[in-house]
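Coordinate-derived values only; no laboratory data. Given the structure is predicted, the values throughout are model-derived calculations rather than measurements. FYI the Cβ positions are ideal-geometry reconstructions off the backbone, even for glycines, and counts take in every protein chain you see.
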């Protein structure tokens, strides 16, 4: 009998056989297990403590098998034994195949020509024992088998294996397979890796093997980290490789036909004119009309439609986001060689592609511009571009990009600079100090802007709350939050109540730079809020800070009379030298002034009259300069205040308004000295 035949055979060690098979399988030699027909030893069931072990022992054995699969195609076709019951309880597809109404009951052999034998054996091993044996050569075929026979647990194992072994070299290969097998998560990972390493990925051997739809899927991406010229050359190499495999000559017409839709996804307007002429035009892949339209895009304004996307690719970010801090646009911003600057920081790592700059108020015009991003603490230049741009006369902004996106780290201060040469332009006003941008795909990014000292061409901020820290015997830890639209009268009342001092007309505080600032009206207050987030108020000396600052010397002449006729409110109180923060009106040179006017940057001369009718000259000096310039101004004031001579103009007083000193002297109605020619003596 069969039992007697088994008893006559020498005992075997099934665990050794199983161990050997497992080692062979994991080493990649799966074919050694195919067709295994050894009889199990007597009483093998006693050596298996669990059902799982007993079922696993039946894997790839003829013992009790009731179905055989012929897997693959000749001459590599392999016979694999299996058990209907195990397969049916593990897969709905096997259940329908073996037991359903359409099942073939005429024989016990089922052909599977579309499945790789090694992958099918890995599938059965997982079904029988839950063991996963994968290697790079069979993982995609195993994923296909797991999907075909509805074994989702093995699908996940295959996808996880691919994620762990995803690299720049196989990213395009796995992307094509993920698209074919409908694995969106794996495809997304492949695309993100290609975004970050585009230049290296297109040089890999697998790039030439992708299908055209996968190529188009990549070319549509906004986050590719590669120059557009290099991307075109990679697509051209892809087309040449496919033509060579097909035995077709690489003529411009055949290249264009092979690229198909992919050619229209190259963003030719992003190339420089030199790159376009050298790389694209000489290849003759584009039609003459298409090439002309791209050249027109480079050199004409407004920009014509080229049929190609002109939105810059933002590497690492997927989508480009535009941040605007201005709430309104006004006219006439001049450029004198100084930079428009603003300090900023962000709460997470980003890449800055470029700036949006306003154009001319006089219609279409050209500008030359240098854009920079500087690390504030070290002064290190992180990115720049010395270029030009054209505007169409509208009040919209025009893109000026860096040569490469500039990486900005979280919670680090940077300086954004733009130096323009061109006609007067529009400019943004009411610039917010803090902006939070919410992206559905990348979350929230918070930008904080602050005043940049130095040659900033007057860039300012707006809509910022300011906190006043109050120091004094009775209010050492108090503070007040001041809203952007706060009124001075209300703030004085709040300060008086909180600090325990009487403030009726003004208050003094120490700004973020440590300078003493006197606030006498709403305009002063709003400027203080605009430039500062936190100021210090000392109530020990009737609302004045205890920090001592050296003031210009007191004048020896009589102060200015109480009222101005030109450009000042009738309620103007007598100014007290050396400084007053009472608004005097515009310091622009009066157009009706006798003898004309003289403008010397950063100084400006204006003409005014006293209430008595006496004309006076007003020198307006901007203090947004360096310390050396401040010293020269102080020396000048000392000389004027101490000189008393009939041959020297009389000094009448000086006033401090909006970071500008107004020096008032006698009016000399003889005009400018230059009309008298060269002076006969050395000065």
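Within region 279-429, DSSP assigns beta bridges of which about 95% are antiparallel (rounded to the nearest 5). How would you classify region 171-299 from its alpha-carbon gyration tensor, with a ≥ b ≥ c the square roots of the eigenvalues: rounded for a/c under 1.5, else prolate if a/b is greater than b/c, otherwise oblate? Judged from the Cα gyration tensor, region 171-299 comes out oblate (a/c at least 1.5, b/c at or above a/b). Computed extension gain for residue 237 through residue 413, at 0.36 nm per residue and net of the alpha carbon distance, reaches 59.0 nm. Packing, as the average of other Cβ atoms within 10 Å across residues, places the peptides 377-385, 137-145 in the order 137-145, 377-385, highest first. Taking other Cβ atoms within 10 Å as a rough exposure proxy, 437, 362 sort from fewest to most as 362, 437.
Classify region 322-374: rounded, prolate or oblate, from the alpha-carbon gyration tensor (a ≥ b ≥ c, eigenvalue square roots; a/c under 1.5 rounded; otherwise prolate if a/b is larger than b/c)? Mind showing how you got there, number by number?
On the way: a/c = 2.07, a/b = 1.68, b/c = 1.23.
Judged from the Cα gyration tensor, region 322-374 comes out prolate (a/c at least 1.5, a/b above b/c).
Put simply, when 157-163, 335-341, 214-220 are sorted by average Cβ atoms within 10 angstrom per residue, most first, you get 214-220, 157-163, 335-341.
With a 10 Å radius around each residue's Cβ, average the other Cβ atoms per peptide and rank 77-84, 346-353, highest first.
Working: 77-84: 19.0, 346-353: 17.5.
Taking the mean over residues of other Cβ atoms within 10 Å, the ranking is 77-84, 346-353.
According to the square roots a ≥ b ≥ c of the eigenvalues of the Cα gyration tensor, what is the shape class of region 164-227, taking rounded for a/c under 1.5, prolate for a/b larger than b/c otherwise, and oblate for the remainder? In terms of gyration-tensor shape, rounded. Available extension along the chain between residue 54 and residue 256 is 66.6 nm, counting 0.36 nm per residue and deducting the alpha carbon span. The distance between label points at residue 384 and residue 64 comes to 8.0 nm (points 7 Å beyond Cα on the Cα→Cβ vector). Taking other C-beta atoms within 10 angstrom as a stand-in for reagent exposure, 529, 361 fall in the order 361, 529, fewest first. Both numbers refer to the Cα atoms of region 326-450; Rg and Dmax are 14.8, 42 Å.
Rank these for me by crowding, 323, 194, going from fewest to most other beta carbons within 10 Å.
Numbers: 323 15, 194 24.
Ordered by Cβ neighbours within 10 Å, fewest first: 323, 194.
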